[in-house]
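Here is the structure we will look at, set down as structure tokens.
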Amino acid sequence: METILIFHLASIGDTIVALPALRLIKNACPNKKIVAITARHSSSKASGMETILGGMDLIDDYLFFNLHAGWYENFKVVRTKIRDCNIKILIYLNEPAGILKRLKHYLFFKACGVQKIVGMQKIISFKQDRIRKKDEFTWESISEYLVRKINVLGSVDATNLNHYDLNFKEHEKYLVDNLISSNMKKELIAISIGSKLYVKDWGDKNWERLLGEMSKEFPNIKLLIVGSSDEYERSQRLTALWEGRRLNLCGQLSVRESAYLLSRVQFFLGHDSGPMHLAAAVGTSCIAIFSSRSLPGIWFPIGANHDIFYTPTSCQGCELNDCVLNNKKCINSITVESVLKRVRAKVGALND
């Protein structure tokens with residue numbers, strides 16, 4: 001059986017946004033074995049591709065790229081796999097990258113023995129690997145970009161929510177169904193205060209004020225907190241004054257269990273993060289708080305009925321991990337009052 005190799009160093013959000021492209025690859029390569037080269041993450045904030053796609057039939061096997069090892073170590077592992085499986089075709093499904101990075105990846109895989117690389121047709125090109133502007137204010141989503149870069153395989157509508165179906169199994173639903181009774185959905189909202197990057201974090205003071213006001217106004221709401229295990233203590237502290245019911249599930253559920261939990265709530269509130277993308281993928285409305293690190297639209301949640309807080313700035317699209325010069329003026333300009341107004345509207349809609 002012929003083997004197709006996919007290169008996609010993904011965590012939660014990266015995997016979710018790649019689902020339409022992965023389905024396109026699966027449909028375009030029937031009766032072929034599909035192996036994904038993906039990252040093995042050591043951080044509890046980042047879950048690997050295999051933990052999200054488990055139970056689905058999009059990927060047959062995984063080859064792990066060690067982000068903490070040298071290129072030569074990874075080269076030996078990848079080359080051995082390519083030679084053993086006689087792999088001729090690689091699908092390059094990574095995010096936009098500069099010329100030097102693309103050239104490094106191109107030479108790496110050619111040295112490993114790959115004959116054809118799909119998704120990297122033009123190595124020395126500024127245009128081919130850029131996100132396109134859709135209108136005066138927004139750019140195409142990363143999902144649309146990934147589908148476009150492999151359009152030689154066919155087409156798929158990256159805006160269609162059906163292409164993000166996580167195909168939950170009964171055993172994955174079991175724990176969540178025992179936590180939440182079937183008649184509770186109207187009372188449930190989910191939050192996640194975590195973020196892999198400091199520049200994308202709204203800050204403790206904002207969260208404390210927002211949650212304090214929400215607790216006073218909505219005493220009948222049950223708050224479900226999702227995130228990684230290292231976000232547990234912070235989540236406990238920031239929600240300590242919540243007067244109603246709350247359940248801190250940070251680190252208590254698998255990624256797929258968390259996604260199913262998010263399908264059972266009325267809406268999600270949190271940063272631009274993996275849980276936000278999980279919530280959007282299962283059709284749950286999001287109140288999403290963004291920095292302007294990326295251009296508007298690229299990482300916005302899939303689907304409609306979301307409230308997105310994004311402040312256009314002269315430095316938007318900086319892609320910085322830390323913002324020293326401007327002190328995170330983009331995300332810090334988002335007020336508690338403006339977010340609370342949207343929370344009120346969503347909770348009010350539940351009672352209509």
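The values are calculated or read from the model by the stated rules, or taken from the named source; none is laboratory data. What you see is a predicted model, and the numbers here were worked out from it, not measured in a lab. Here the Cβ is made from the backbone with ideal geometry for all residues, glycine too, and neighbour counts use every protein chain on show.
Has segment 128-142 got at least one residue that is polar (S, T, N, Q), modelled with pLDDT of 90 or more, within 23 Å of Gly317 (Cβ to Cβ) and part of a helix (DSSP H, G or I)? Can you show your working first?
As a first pass, look at segment 128-142 and keep what is polar (S, T, N, Q): 128, 138, 141.
Filter once more, so that each one left must be modelled with pLDDT of 90 or more: 138, 141.
Now narrow it down to the ones that are within 23 Å of Gly317 (Cβ to Cβ): 138, 141.
Then drop every residue that is not part of a helix (DSSP H, G or I), which leaves none.
The answer is no; no qualifying residue exists.
Scanning segment 134-146 for residues being within 16 Å of the chain's Cα centre (by Cα) and not hydroxyl-bearing (Ser, Thr, Tyr) gives a total of 4. Gln316 fulfils the conditions (1) in contact (Cβ under 8 Å) with a residue 60 or more places away in the chain; (2) touching a Lys or Arg at 6+ places or on another chain (Cβ under 9 Å); (3) on the phi < 0 side of the Ramachandran plot except for a single criterion, (1). When Ser291 is tested against (1) crowded, with 20+ Cβ neighbours inside 10 Å; (2) out of contact with any Asp or Glu (no Cβ under 8 Å at 6 or more places or on another chain); (3) within 21 Å of Thr138 (Cα to Cα), only condition (2) is not met. Criterion applied to Leu241, Leu197 was being surrounded by fewer than 19 Cβ atoms within 10 Å (Cβ to Cβ), aliphatic (A, V, I, L, M), under 20 Å from Ala10 (Cβ atoms) and at pLDDT below 95, and the one residue passing it is Leu197.
Look at Ser235 and say whether it is crowded, with 17+ Cβ neighbours inside 10 Å, at pLDDT 95 or above and over 24 Å from Thr15 (Cα atoms). For Ser235, the condition - crowded, with 17+ Cβ neighbours inside 10 Å, at pLDDT 95 or above and over 24 Å from Thr15 (Cα atoms) - is met.
Listed here are the residues, each with its yes/no results for (1) within 17 Å of the chain's Cα centre (by Cα); (2) closer than 29 Å to Leu22 by Cβ; (3) without any contact (Cβ under 8 Å) to a residue 40 or more places away in the chain.
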{"site": "Lys169", "(1), (2), (3)": "no, yes, no"}
{"site": "Trp202", "(1), (2), (3)": "no, no, no"}
{"site": "Gly212", "(1), (2), (3)": "no, no, yes"}
{"site": "Leu223", "(1), (2), (3)": "no, no, yes"}
{"site": "Ser228", "(1), (2), (3)": "yes, yes, no"}
{"site": "Arg264", "(1), (2), (3)": "no, yes, no"}
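Anything in segment 276-287 that is buried (at least 20 other Cβ atoms within 10 Å of the Cβ) and either within 20 Å of Pro20 (Cβ to Cβ) or not assigned by TED's automatic domain parsing to the domain that holds Lys329 (or both)? List them, or say none. Correct list: Met276, His277, Leu278, Ala279, Ala280, Ala281, Val282, Thr284, Cys286. Tell me, yes or no, whether segment 225-243 has at least one residue that is in contact with a Ser or Thr (Cβ under 7 Å, 6 or more places away or on another chain) and among the aromatic types (Phe, Trp, Tyr). Yes, because at least one residue in segment 225-243 is in contact with a Ser or Thr (Cβ under 7 Å, 6 or more places away or on another chain) and among the aromatic types (Phe, Trp, Tyr).
Looking only at segment 188-197, decide whether some residue is assigned to a loop (DSSP other than H, G, I, E, B) and either among the β-branched types (Val, Ile, Thr) or free of Cβ contacts under 8 Å to residues at least 40 places away in the same chain (or both).
Looking through segment 188-197, at least one residue is assigned to a loop (DSSP other than H, G, I, E, B) and either among the β-branched types (Val, Ile, Thr) or free of Cβ contacts under 8 Å to residues at least 40 places away in the same chain (or both).
Restricting attention to segment 96-116, the residues that are more than 26 Å from the chain's Cα centre (by Cα), assigned to a loop (DSSP other than H, G, I, E, B) and within 20 Å of Arg148 (Cα to Cα) total 0. Taking the criterion of being assigned to a loop (DSSP other than H, G, I, E, B) and at pLDDT 95 or above, the only residue of segment 11-57 that qualifies is Ala18. The single condition among (1) without any contact (Cβ under 8 Å) to a residue 24 or more places away in the chain; (2) among the polar types (S, T, N, Q); (3) closer than 24 Å to Tyr198 by Cβ that Asn305 does not satisfy is (3). Checking each residue in segment 59-94 for being surrounded by 17 or more Cβ atoms within 10 Å (Cβ to Cβ) and part of a loop (DSSP other than H, G, I, E, B) picks out Ile59, Ile87, Leu93, Asn94. Looking only at segment 143-165, residues that are hydroxyl-bearing (Ser, Thr, Tyr), closer than 22 Å to Leu90 by Cα and surrounded by 14 or more Cβ atoms within 10 Å (Cβ to Cβ) come to 2 in all.
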